[in-house]
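See below for the structure under consideration.
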Amino acid sequence: MTTVGFLYPGHFAEDDYPRMEILLDSTIRLVVHHTESPDSAYREEALRELGTPGRLAAGTEELQRAGVQAIVWACDAGSFLYGPEGAHDQVAALARATGVPASSTSIGFLHAARKLGANRVAVAASYPEDIAARFTGFVESAGLEVAATHAAGAADAAEVAAWTPERVRELALAADHPDADAVLLPDTALHTVAQLSGLEEALGKPVLTANQVTVREALRLADRPAFSPGLGALFESRESPPAPVTWGSGRSYAHGNRGAGHGPE
């Protein structure tokens, strides 16, 4: 049995995780612990507060008791708003505290894009323009080219969690660009798992969504290849992914010893 854990802020689209567990191998267990989310507004101060060390540390004991082999901070804005260095330091602290490899949704997007060979992407963000621009900058800092960014301007996570499948599809289509190899939909408050196949069919290219890449990142850290035809191109094969991502400084944020950092790509 492979058991991986997630620190998920609040209660918005967490039902994507049991859905993914059903679609994956029966020997994979996804354990979700909900961290505090007192303010779900899409403002930088509120979003950064989600990723403070105290909030993250509060959920680790339960995941350790569950015997998880890797932990992922299942939040985009609560990591990418800290910048590349801050996002790395955030999960490195989790790894040191728990003794298992750790990562985040934001870093998971980078590894997922590299696995698919997507060097140029489009960003379909539920966020306001200023937050969406920060995610785009985070992606670009790892060497990916962003062909287009579309910001839907949602006010908070509760609004996004209530979006219909049609609204999610509109978001993806609005962001797509002919030059993009894949379309990225950040925000773990967004329900997307049930729509992955339909979204990829509509766009004619891979679609990477927050909860999908979060689970793939956890399984990557646990050295557990997994595939599922219902989880999009990201889970269609067991092939080994390419080299880990690096930022402009040349520092790799994808490897290190298993107790302090991300673990090997």
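The values are calculated or read from the model by the stated rules, or taken from the named source; none is laboratory data. On a predicted model such as this, the values are computed, not experimentally measured, just so you know. Here the Cβ is made from the backbone with ideal geometry for all residues, glycine too, and neighbour counts use every protein chain on show.
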> Considering only residues of segment 194-211 that are crowded, with 24+ Cβ neighbours inside 10 Å and in contact (Cβ under 8 Å) with a residue 60 or more places away in the chain, which is nearest to the chain's Cα centre (by Cα)?
Replying inline: ALA210
> For segment 154-186, what are the residues that are touching a helix residue (DSSP H, G or I) at 6+ places or on another chain (Cβ under 7 Å) and either surrounded by fewer than 23 Cβ atoms within 10 Å (Cβ to Cβ) or in contact (Cβ under 8 Å) with a residue 60 or more places away in the chain (or both)?
Replying inline: ALA154, PRO165, ARG169, LEU173, ASP176, ALA182, VAL183, LEU184, LEU185, PRO186
> When segment 159-186 is examined, which residues are found to be within 26 Å of ALA226 (Cα to Cα) and either assigned by TED's automatic domain parsing to the domain that holds SER37 or touching a strand residue (DSSP E or B) at 6+ places or on another chain (Cβ under 7 Å) (or both)?
Replying inline: ALA172, ALA180, ASP181, ALA182, VAL183, LEU184, LEU185, PRO186
> crowded, with 23+ Cβ neighbours inside 10 Å, farther than 16 Å from LEU7 by Cα and out of contact with any Cys (no Cβ under 6 Å at 6 or more places or on another chain): does that describe ALA113?
Replying inline: yes
>> For segment 7-30, which positions are in contact with a Leu (Cβ under 6 Å, 6 or more places away or on another chain) and without any contact (Cβ under 8 Å) to a residue 60 or more places away in the chain?
In response: GLU21
> Listed residues ASP25, ASP39; which is assigned to a loop (DSSP other than H, G, I, E, B), modelled with pLDDT under 95 and within 21 Å of THR192 (Cα to Cα)?
Replying inline: ASP25
> From the list PHE109, PHE80, which residue is touching an Asp or Glu at 6+ places or on another chain (Cβ under 8 Å) and of a type in the set (Phe, Trp, Tyr)?
Replying inline: PHE109
>> Checking the structure you have, find out if any residue of segment 127-147 is under 30 Å from GLN69 (Cβ atoms), assigned by TED's automatic domain parsing to the domain that holds GLU61, hydrophobic (A, V, I, L, M, F, W, C) and in a loop (DSSP other than H, G, I, E, B).
In response: no
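Here is a yes/no grid of residues against (1) more than 20 Å from PRO9 (Cα to Cα); (2) at pLDDT below 95; (3) under 14 Å from the mean Cα position of the chain (by Cα):
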site	(1), (2), (3)
ALA58	no, yes, no
LEU81	no, no, yes
PRO84	yes, no, no
VAL123	yes, no, yes
GLY137	yes, no, no
LEU144	yes, no, no
ALA148	yes, no, no
>> For the structure I just gave you, tell me whether VAL121 is crowded, with 21+ Cβ neighbours inside 10 Å, over 24 Å from ALA41 (Cα atoms), of a type outside the set (Ser, Thr, Tyr) and touching a residue at least 40 places away in the same chain (Cβ under 8 Å).
In response: yes
>> So, in segment 8-22, exactly how many residues are outside any loop (DSSP other than H, G, I, E, B) and either within 15 Å of THR214 (Cβ to Cβ) or in the same structural domain as ALA133 (by TED's automatic domain parsing) (or both)?
In response: 8
> Restricting attention to segment 42-51, does a residue exist that is in a strand (DSSP E or B), in contact with a Leu (Cβ under 6 Å, 6 or more places away or on another chain) and in contact (Cβ under 8 Å) with a residue 40 or more places away in the chain?
Replying inline: no
> Can you spot a residue in segment 66-75 that is modelled with pLDDT under 95 and under 18 Å from the mean Cα position of the chain (by Cα)?
Replying inline: no
